[in-house]
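> Could you have a look at this structure, given as structure tokens, before my questions?
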Amino acid sequence: MTEVLRTAIVGCGAIALWHLDAIDRAAVPIQVVAAVDPVAANSERVAARTGATAYDSLETALDTGDFDAVLIAVPHHLHERVATAALRAGKHVLLEKPLAPTLDACDRILTAARAAGTVFMVAENAQYWP
């Protein structure tokens, strides 16, 4: 039996919904257990669809939630803060492209990823196109 990866989605806007559609289509063993967005309507929409708990911040979700991985779909300028927080908490991270808006921010994220010892990946869908 395949282990189910308990996942938090941080940033519950349109891109998160695309990821949920892909998870459903691929029937991958992912259970979304936390929906994080400062806009309550966004996190509640994802929570209603997935059965997850809605949170208004990653910090609260990390403090009280129980998940192994974080799918990050926030605006680009927030990538570094959110990704490094998740990595420092020992979570696996899938970060929506681009990695970050500056090379320095990219370096800090990659340093945190190496230190975390978890799986880190940037979601770059175009690399899979024919």
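> Using amide H atoms built 1.01 Å from N in the peptide plane, name the residues 5+ places from A54, or on other chains, whose amide H lies under 5 Å from its own.
Sorted by chain and number, the residues that satisfy this are A35.
> Using the crude model of +1 on Lys and Arg Cβ and -1 on Asp and Glu Cβ, and no other charge, please compute the dipole size for segment 1-108 relative to its Cα centre, in debye to 20.
Details: 9 positive and 14 negative charges, 33 e Å.
Around 160 debye, computed over segment 1-108.
> If packing is taken as the average number of other Cβ atoms within 10 Å across a peptide's residues, how do 92-104, 22-34 rank, most packed first? Don't jump to the answer; show the numbers that get you there.
Details: 92-104: 16.9, 22-34: 15.2.
Those peptides, ordered most packed to least, come out 92-104, 22-34.
> Under a crude label model (7 Å from the Cα following the beta-carbon direction), how far is V39 from D66 in nanometres?
Taking the simple label geometry, V39 and D66 are separated by 3.1 nm.
> Quick check for you: with a 1.4 Å probe and neighbouring chains kept, what is the accessible area per residue of the chain, in Å²? Don't skip to the end; give the middle numbers.
Values: 7340 Å² over 130 residues.
Solvent-accessible surface per residue comes out at 56 Å².
> Could you please tell me the mean projected area of the C-alpha convex hull for the chain, averaged over all directions and given in square nanometres to one decimal?
Values: hull surface 33.2 nm².
So the Cα hull casts an average projection of 8.3 nm².
> Also, I was wondering about something else. Report the label-to-label distance for A14 and T118 in nanometres (one decimal), using points 7 Å from each Cα along the Cα→Cβ vector.
2.9 nm
> Okay, moving on. Using 7 Å Cα-to-Cβ label points, what is the T111/N125 separation (nm, one decimal)?
Label-label distance for T111 and N125, simple model: 3.3 nm.
> So for segment 28-68, averaging the separation of alpha carbon pairs under 8 Å that are six or more residues apart and normalising by length, what relative contact order in percent results?
On the way: 56 pairs, mean separation 17.2, N = 41.
RCO, segment 28-68: 42 percent.
> So, one more: Taking H placed 1.01 Å from N in the peptide plane, check which residues at least 5 places from L95 or on another chain put their amide H under 5 Å from its amide H.
I72, M121, V122, A123
> Report the antiparallel proportion of the DSSP beta bridges in the chain as a percent, rounded to a multiple of 5.
Given both bridge residues lie in the chain, the antiparallel proportion sits at roughly 0 percent.
> Given an 8 Å cut-off on Cα distances and at least 6 residues of separation, report the relative contact order of the chain as a percent. Numbers along the way, then the final one.
Details: 227 pairs, mean separation 27.6, N = 130.
Over the chain, the number comes to 21 percent.
> Taking H as built 1.01 Å from N, whose amide H comes closer than 5 Å to the amide H of I30, not counting residues under 5 places away?
Sorted by chain and number, the residues that satisfy this are L5.
> Could you run the Karplus curve 6.51 cos²θ - 1.76 cosθ + 1.60 with θ = phi - 60° over segment 104-117 and give me ³J(HN,Hα) per residue in whole Hz, x for Gly and Pro?
Using θ = phi - 60°, the values come out as 4, 5, 4, 4, 5, 5, 5, 5, 5, 5, 4, 5, 5, x Hz.
> Then there is this: Would you calculate a helix-derived [θ] at 222 nm for the chain, using -39,500 (n - 2.57) for each DSSP H run of n ≥ 4 and dividing by the full residue count, to the nearest 500? All intermediate terms of the calculation are to be shown ahead of the outcome.
Values: 5 runs with 55 residues, N = 130.
After summing the helix terms and dividing by the residues of the chain, the value is -13000 deg cm²/dmol.
The values are calculated or read from the model by the stated rules, or taken from the named source; none is laboratory data. These figures come from a predicted structure and were not determined experimentally. Backbone-built Cβ (ideal geometry, glycine too); neighbour counts: all protein chains shown. These accessible areas exclude ligands, DNA and RNA; they are computed on the full protein's heavy atoms, side chains included. Shrake-Rupley method; radii C 1.70, N 1.55, O 1.52, S 1.80 Å.
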